[in-house]
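See structure below.
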Amino acid sequence: MANNTKKEVSIQKKKSVLFIASEANPFAGTGGLADVIGSLPKALAKSRSYDVRVVIPLYKDFSSLHRDKLHFVGNFNVELSWRNQYCGLFEYKYEGVKFYFLDNEYYFKRDGLYGFYDDGERFAFFSKASLTMMRYLDFYPDIVHAHDWQSALSVIYLKTLYKNEYGYDKIKTMFTIHNIEYQGKYDRFLLGDVFGLSDDNYNALEYDNCVNLLKGAMVYSDVVSTVSPTYAEEIKYDYFSHGLSPIVNEVSYKTVGILNGIDQTVYNPETDERLFANYTSEDLSGKKICKKELQKMLGLPEKDVPIIAMITRLVGHKGVDLLKCVVDDVLSEKVQLIILGKGEKQYEDFFKKVQDEYSTKCRAVIAYNKDLSSKIYSGADIFLMPSKSEPCGLSQMIAARYGTVPVVRKTGGLADSISPYNLERKDGNGFRFETYNAHEMLYVLKDAVFTYSDKKVWNKLMVTAMKTDFSWRKSAKEYIKVYDKLI
């Protein structure tokens, strides 16, 4: 009898989770969401306790490196209100995870991923197609894990149109908010005509007299998560919630915050081919070469002064207004300043002017440049990230991984990932200030510059930063706990 029991356990169906998201690296992406969907499923698959799959749209911008590897599975039709649309289904197993790609040229054969007048309809189609796909594949996951407003309707549809349908009726849902600022707000008219939902569903989706897809997914999902524990608490307040704090508080009983990670095989100074020289926490000689070559490349004097770097969108929200306020005080120190990014014209023009005024101390590169960003992460000494709010943030983790010590504001994921250096305890992996205030930032930045002058202390701080575990392995364990509890 005991032997039979063992045999039954061994052939038990593996638990499964389907990620529904609008982007994923390395296939198509615009930011942090693509990093998460490209990395977290891979870490979950390594646990071997879940069959992990991902579905995203097949965009025109799909990476040419992988397009030829796609396998055509078949096609089916998707009903969306009065529409009946074609959907092609492709699959590709990549690094232990099965990815599905949904093809409809009318919706997705466009330059770029977002910003179109019919984004609501495009992602309603994507959400509905992601569920219809299950029927076609005869694959009904234990959990649907949807991300941000673009896939919010997959949760809403599951709990409304599909709630009593065989195969769908037992699926549990988790919905992750990567940035609550983007909510998917639409006129009530779209509820039936585009989304194919009845007026009975309006109350669950209504907020400020419009359909709010993010709100609907928060209400209908079994678990809501955010990308850091601190952000999960912050969005309970009006300052951070972009108007949704009443709903956040309403669903707080089923909300959890799990800090994102980074792919430490991708962000690895020992193997990164973009660097001028590779290095490790045991041998930092390559980092000195990276710094010297970065100075040479950007035409800065090759001096042993701390390089302060910012790689960011040039918008007030990212704290560039704080730097603008005290940039003369910063550059009065024995430092060099490098800024990489694009954004609002007022900031682009301002930092170009600063570069002209401080030609031996400052470089402002108004561009998005992945190759240069790697060279800056490895060649700089201090990474400044003074965000007004930051759901998680990846740049501070990447900088630490490359031994560039972060100076951050205590908010969201910055608070959860960077602990302040303490001279007496000799712990911490960076520097942190609390109030969104230019002079408080300046004080802490000067503290970092002063600490740099003690090379023995600074080297220890660099090594601590590099050895901080920002891997997805830790986050994956937290997600698995939530999945197991749901099932």
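The values are calculated or read from the model by the stated rules, or taken from the named source; none is laboratory data. Treat the numbers as computed from the prediction; the structure is a model and nothing was measured. No Cβ is skipped: glycine too gets one built from the backbone with ideal geometry, and neighbour counts run over all protein chains shown. Note: areas computed on protein heavy atoms with side chains; ligands, DNA, RNA excluded. Shrake-Rupley method; radii C 1.70, N 1.55, O 1.52, S 1.80 Å.
Positive contributions from Lys and Arg (+1) and negative ones from Asp and Glu (-1), summed over other residues with Cβ under 15 Å from the Cβ of ASP199, come out at -3.
The distance from the alpha carbon centre of region 283-358 to that of region 427-458 is 16 Å, rounded to a whole number. What's the carbon and sulfur percent of region 298-397's accessible surface, probe 1.4 angstrom, rounded to a whole number? Carbon and sulfur: 47 percent of the exposed surface of region 298-397. How would region 421-487 be classified by its alpha-carbon gyration tensor: rounded, prolate or oblate, with rounded meaning a/c under 1.5 and the a/b versus b/c comparison settling the rest? The shape class here is oblate.
Quick one: which of LYS98/LYS128; LYS13/LYS481; LYS14/LYS109; LYS370/LYS456 span more than 28 angstrom between C-alpha atoms? In this structure, LYS14/LYS109; LYS370/LYS456 exceed 28 Å between Cα atoms.
Against the chain, whose longest principal axis comes from its Cα atoms, helix 285-298 is set at around 90 degrees.
Treating each Cα of region 399-444 as one equal point scatterer and applying the Debye formula with no solvent, the log10 of I(q)/I(0) at q = 0.13, 0.15, 0.27, 0.31 Å⁻¹ comes out as -0.28, -0.37, -1.03, -1.15. Ligands, DNA and RNA left out, the accessible area of region 99-167 computed with a 1.4 Å probe is 46% carbon and sulfur. Each peptide among 139-145, 416-422, 226-232 gets the average number of other Cβ atoms lying within 10 Å of its residues, and from highest to lowest they stand as 226-232, 139-145, 416-422. Near LYS303, which lysines are there with a Cα under 16 Å away, not counting those fewer than 8 places off in the same chain? Cross-link targets: LYS287, LYS288, LYS291, LYS292, LYS334, LYS361, LYS455. Remark: for residue pairs LYS42/LYS485; LYS46/LYS375; LYS42/LYS467; LYS296/LYS318, the C-alpha separation exceeds 24 Å in LYS46/LYS375; LYS296/LYS318.
Oblate is the label for region 133-200, because the ratio a/c of its alpha-carbon gyration tensor axes (a ≥ b ≥ c) is 1.5 or higher and a/b is not greater than b/c. Once both labels are positioned 7 Å from their Cα atoms along Cα-to-Cβ, the gap between LYS292 and LYS109 label points is 5.4 nm. Note on the chain: antiparallel DSSP beta bridges, both residues inside, total approximately 30 percent of the bridges counted. Across the accessible surface of region 203-278, with the other protein chains kept in place and a 1.4 Å probe, carbon and sulfur atoms take up 47 percent. Among 146-158, 454-466, sorting by the average number of other beta carbon atoms lying within 10 angstrom of each residue, highest first, gives 146-158, 454-466.
Reported to the nearest whole Å, the Cα centre-to-centre distance from region 207-238 to region 10-48 is 21. Charge dipole of the chain (Cα centre as origin; +1 on each Lys and Arg Cβ, -1 on each Asp and Glu Cβ, all else neutral): 1480 debye, rounded to the nearest 20. Annotation: extensible slack from THR271 through ASN209 equals 17.1 nm (criterion: 0.36 nm per residue apart, minus Cα-Cα distance).
Counting only DSSP beta bridges with both residues in region 49-203, the antiparallel share comes to about 60 percent.
Name the shape class, rounded, prolate or oblate, that the alpha-carbon gyration tensor gives for region 100-245, where a ≥ b ≥ c are the square roots of its eigenvalues, rounded holds for a/c under 1.5, and otherwise prolate holds if a/b is larger than b/c and oblate otherwise. Taking the square roots of the gyration eigenvalues as a ≥ b ≥ c, region 100-245 is rounded. Computed with a 1.4 Å probe over protein heavy atoms only, the accessible surface of the chain comes to 44 Å² per residue. Pairs of lysine residues in region 134-263 that meet both criteria, 8 or more places apart or on different chains and Cα atoms under 21 Å apart, total 16. Here LYS324 is the anchor, and the aspartates and glutamates within straight C-alpha reach of less than 16 Å, apart from those fewer than 8 places off in the same chain, are GLU333, GLU344, GLU348, ASP349, ASP356, GLU357, GLU440.
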